[in-house]
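Got a structure for you, questions after.
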């Protein structure tokens, strides 16, 4: 195919192919019946064109940010090494999946950065509409009582993890609404955001709800506007008022045994603090009050400490910090503000759940990996702009468009 098309036509074809794959990544969980089909689609529509772009498009090879790439490579390397001293060997392929996904997002950003962010916005708006269908399907078509915790359609059949996905989508729509056409700015973003909010409330998932409140309350830090601070304070006060007036709804289930899980995880971690158990190693945390065992710590960072030790945890925190700094450095742009919001939401939400990052494509990718993918994309756009300036080319930066 590359022999038939001119270089510019080939680049356009790869860009459209990658955009389709990015759409599949973002919306596939709402629509597809099996995770196998979802992953097969990612191979064909996202990872394959990403590899082709890496080897045929010089701009893709120039777009990698050295710091992010180094931290990511060290994290992957340590995770791979950990398998040799106790992890599950089938996790090697999952490390490969993540490498392929990162490469594909960088490729799309290098070929057409603005298109990447437009696809992200379009998919999250559509996702917000699909959330309304999830609510209708669950409570009306399935005739579930309103007291039941809602789940999504397709692969979003886990209440807490589905609320992570929905929370991410709502935040993207909220912070990117200025990129919508004027007529859609008036109402469509509100419909999508309201659907995500209703889903979060009906899921009764305290972790994602707390992450949303913290994110909105702190949004004035990166929005740098009085309106953002006022809106954040209002959200915080409404949350406090709701917890005071309706404690049985807002504080349902207490802390869900998270402190006990952390205590048990800490005791297990102290037996092997530096190396960890290895990626994919099974472990059990016994909760005496319930008389049952849990398979993970319900805290991404504690889970990482258990499986990868202090070294692996520090590498992951360094990667997250580098992405957060990239977002903060671009906070005067819409993509930078979106990434700041997602970093904040993810870091808080993952304090109460998450078994990633080294897992196959699933719900956790939206809170664990999507911010890092977008961090790579933002850094790629910045690096290409600097290269173009050095070469005397025209500045085509999308991150300054509002």
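When you look at residue 318, is it assigned to a helix (DSSP H, G or I), buried (at least 18 other Cβ atoms within 10 Å of the Cβ) and in contact (Cβ under 8 Å) with a residue 40 or more places away in the chain, yes or no?
Criteria not met by residue 318.
In addition: Please go through region 202-216 and pick out each residue that is under 20 Å from the mean Cα position of the chain (by Cα) and not in a loop (DSSP other than H, G, I, E, B).
203, 206, 207, 208, 209, 210, 211, 212, 213, 214, 215, 216
Separate question: Which one of these is over 26 Å from residue 49 (Cβ atoms) and within 20 Å of the chain's Cα centre (by Cα): 131, 150?
Answer to the check: 131.
Looking at (1) touching a residue at least 40 places away in the same chain (Cβ under 8 Å); (2) crowded, with 24+ Cβ neighbours inside 10 Å; (3) not in a loop (DSSP other than H, G, I, E, B), which one does residue 384 not meet, given that it meets all the others?
The one condition residue 384 does not meet is (2).
Something else about it: Among (1) in contact with a helix residue (DSSP H, G or I) (Cβ under 6 Å, 6 or more places away or on another chain); (2) within 24 Å of residue 166 (Cβ to Cβ); (3) at pLDDT below 95, there is one condition residue 60 misses while meeting the rest; what is its number?
That leaves (2) as the condition not met.
Same structure, new question: Among (1) closer than 19 Å to residue 348 by Cα; (2) modelled with pLDDT under 85, there is one condition residue 203 misses while meeting the rest; what is its number?
Going through the list (1) closer than 19 Å to residue 348 by Cα; (2) modelled with pLDDT under 85, residue 203 breaks only (2).
Among the numbered conditions (1) over 11 Å from residue 215 (Cβ atoms); (2) under 14 Å from the mean Cα position of the chain (by Cα); (3) at pLDDT below 95, tell me where residue 329 comes up short.
All conditions pass for residue 329, except number (2).
Taking into account only those residues within region 170-195 that are in contact (Cβ under 8 Å) with a residue 60 or more places away in the chain and closer than 19 Å to residue 347 by Cα, which is surrounded by the most Cβ atoms within 10 Å (Cβ to Cβ)?
The qualifying residue surrounded by the most Cβ atoms within 10 Å (Cβ to Cβ) is 172.
Identify all residues within region 242-274 that are assigned to a loop (DSSP other than H, G, I, E, B), out of contact with any strand residue (DSSP E or B) (no Cβ under 9 Å at 6 or more places or on another chain) and either farther than 25 Å from residue 309 by Cβ or at pLDDT below 75 (or both); write none if there are none. Quick ask: steps written out before the conclusion?
Taking region 242-274 and keeping what is assigned to a loop (DSSP other than H, G, I, E, B), we get 246, 251-257, 270-274.
Among the residues that remain, those that are also out of contact with any strand residue (DSSP E or B) (no Cβ under 9 Å at 6 or more places or on another chain) are: 246, 251-256, 270-274.
246, 251, 252, 253, 254, 255, 256 - these are the residues of region 242-274 that are assigned to a loop (DSSP other than H, G, I, E, B), out of contact with any strand residue (DSSP E or B) (no Cβ under 9 Å at 6 or more places or on another chain) and either farther than 25 Å from residue 309 by Cβ or at pLDDT below 75 (or both).
So, in region 216-241, exactly how many residues are at pLDDT 85 or above and either surrounded by fewer than 18 Cβ atoms within 10 Å (Cβ to Cβ) or closer than 26 Å to residue 133 by Cα (or both)?
Going through region 216-241 one residue at a time, the tally reaches 3.
The values are calculated or read from the model by the stated rules, or taken from the named source; none is laboratory data. Given the structure is predicted, the values throughout are model-derived calculations rather than measurements. Note that each Cβ is placed from the backbone with ideal geometry, even for glycine, and that neighbours are counted across all protein chains shown.
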